[in-house]
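Encoded as structure tokens, the structure appears first; notes follow it.
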Amino acid sequence: MIISLGLGDDQHDFGYDAVADVWIESLWSNLLKIFPLPEGIYPLSRNSAITPRWKVSLSTKADLLLVESYNSIYDLSRLPDEFYVTIKDNIRTTAPLHFQDVRLIKFKTNGERYGPGDVLCLRPKNLPIQVRKLQKVLNENNVNIKPDSVFDIAEVTSEIPIPRPLKYKVTFQQLCEEYFDLTAIPRRYTFSILAQLTDSDLEKEKCLEFTTAEGQEDLYSYCNRPRRNIVEVLRDFPHATKNLNGEMLFEILTPIKPRDFSIASSYAKYRNEIHILVAVVKYKTKLVTERLGLCSNYLADLKVDDKISVWLKRGSFSFPKDTNDTVIMVGPGTGLAPFRNYIQERVAYNTASAHNLILFFGCRGKNNDFHCSDELLALEKENKLRLICAFSRDQENKVYVQHKLLEEASTIWNALKDKKAYIFVAGNSKNMPQEVRNAFVSTCIEQGNLSKEEAEKLIREMERTNRYQTETWF
Ligand SMILES: Cc1cc2nc3c(=O)[nH]c(=O)nc-3n(C[C@H](O)[C@H](O)[C@H](O)COP(=O)(O)OP(=O)(O)OC[C@H]3O[C@@H](n4cnc5c(N)ncnc54)[C@H](O)[C@@H]3O)c2cc1C
């Protein structure tokens, strides 16, 4: 073995670089031991000149009509499993004055099939304000790329193929709207490129410092902690920005990644619809401008009849075939989404019963962010669902789903002990999944008289046999 597996964590304070950087250094040093370089040949320095990955020619008129006739740069290169949906409804499910905006978005489909646990994937576009900000910072620094400039991109080496949408001519405006992630937080690598572009000693020194191991704490304070995005960084480094050209844009700006959403409706109930439940990401840091999540804000802005391209993916949840098994679902916040799908499916097939379909839902307040409350309460009334809610801020002490699980310990243990229960946990990946797991372990200890080790073993065994499943996101 040359080197053991390295697993980067995107949620680490320093991003995946924290693991990747150290891992790559070790890889090179181990390779050099196995394959020493001939005498007089030395490894390239980390800051050696960057060769652009593609050749980019800019023109103003060629094929402009063809390019502009498409709704999206992905239209010409869609994958076979992509399909168009139109917005039927985009409904806020939280109270108008509640700080968190959550949307139940209903898409009209042509009957594309999906099942419980499935996930909808889509590519967001940048918000118009972000596009204007990038174009403004480039203009102010005399980078002469007009919104209608046409990019013709050619491969330099077959090792770095051109992504599908860039195989066709695209305008700069289209790239800004759909390809470049303008909310991306620059990483160490970005600063090594800026260091090469700048003709200011001060800027170069700062950028190079951010590329060193010692500079990572400063880079974290400058970029990651305040969530400063690439457009804001370009504004701070004008002497580098003014030297940007079509080719270097692809080195500095990363592509937008698709996002996943658990499907919140059942195909059995809504044959020509797909629903998703989206928490709109907005938060403040020490920077003056509010931070906006790329995809959730794009979705929140969609209007009725807007058309977008999507595709389906199997989620990680696999629900039991035997409807006599007890299904315990823990879904605070938008974690409700996959369970709304599953519950609707059971209702549609007449197999929903409060006896063995139990949902633990959690939110801040009954009147603030109890998503889809009318339909859940109606199902509870009809005895099709056992609904247990934790409204964390409706009383002095904060009550979360894990507290409600402990209150229901005896019911839960009765289901677990017969090995007839399935547990599903969905929602925010921060503390909730671990707290919920701890509550199940405590239940086994207290109700089943198991030792801590035995209880842990039981839950681990449930995880191994897919009877305890988790799907969480940030
Ligand atoms: C299988 C799966 C299913 C999912 N299902 C759903 C779903 O049903 N509903 C749903 O809403 N989402 C769901 N997600 C998450 C969804 O894919 C997106 O990640 C989410 O909508 C945020 O995307 P965004 O582009 O708006 O935010 P981004 O632009 O990607 O920004 C999000 C990032 O901002 C940072 N951030 C967010 N809040 C703060 C804060 N307060 N302080 C500091 N930093 C912060 C975090 O680093 C976070 O990763 C799911 C994800 C997966 C993988």
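Key figures
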{"read-out": "For the stretch 1-43, projected area of the alpha-carbon convex hull averaged over all directions, nm²", "value": "3.4"}
{"read-out": "Amide N of the stretch 220-242 lying under 15 Å from the label point, which is placed 7 angstrom from the Cα of Lys286 along Cα→Cβ", "value": "220-229"}
{"read-out": "Convex hull volume per residue for the chain, taking Cα atoms only, in Å³", "value": "192"}
{"read-out": "Footprinting exposure proxy for Glu247, Glu159 (fewest neighbouring C-beta atoms within 10 Å first)", "value": "Glu159, Glu247"}
{"read-out": "Ranking of Ile230, Ile185 by count of other Cβ atoms within 10 Å, fewest first", "value": "Ile185, Ile230"}
{"read-out": "Stretchable slack from Asn142 to Glu39, in nm (0.36 nm times residue separation minus alpha-carbon distance)", "value": "32.5 nm"}
{"read-out": "Rule-of-thumb Rg ratio for the stretch 143-275 [Cα; 2.2 N^0.38 Å; N residues]", "value": "1.33"}
{"read-out": "The stretch 339-384-the stretch 421-456 distance, computed between alpha-carbon centres (Å)", "value": "22"}
{"read-out": "Local net charge near Asp118, Cβ-Cβ under 12 Å (Lys/Arg +1, Asp/Glu -1)", "value": "-1"}
{"read-out": "MRE, 222 nm, helices only [DSSP H, n ≥ 4, -39500 (n - 2.57), over the chain, to nearest 500]", "value": "-9000 deg cm²/dmol"}
{"read-out": "Helix 128-140 vs. the chain, principal-axis angle (Cα, 0 to 90°, nearest 10)", "value": "20"}
{"read-out": "Long-range Cα-Cα pairs in the stretch 326-473 (distance over 24 Å), rounded percent", "value": "28"}
{"read-out": "Lysine pairs meeting the criterion (Cα under 21 Å, 8 or more apart or interchain), as found in the stretch 12-142", "value": "7"}
{"read-out": "Residues Arg113, Arg225 arranged by fewest to most Cβ contacts within 10 Å", "value": "Arg113, Arg225"}
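Just so you know, all these numbers are worked out from the coordinates, no wet-lab data involved. Values in this document were obtained by computation on a predicted structure and should not be read as measured data. Don't worry about glycine lacking a Cβ; one is built from the backbone with ideal geometry, like all the others, and counts go over all protein chains shown.
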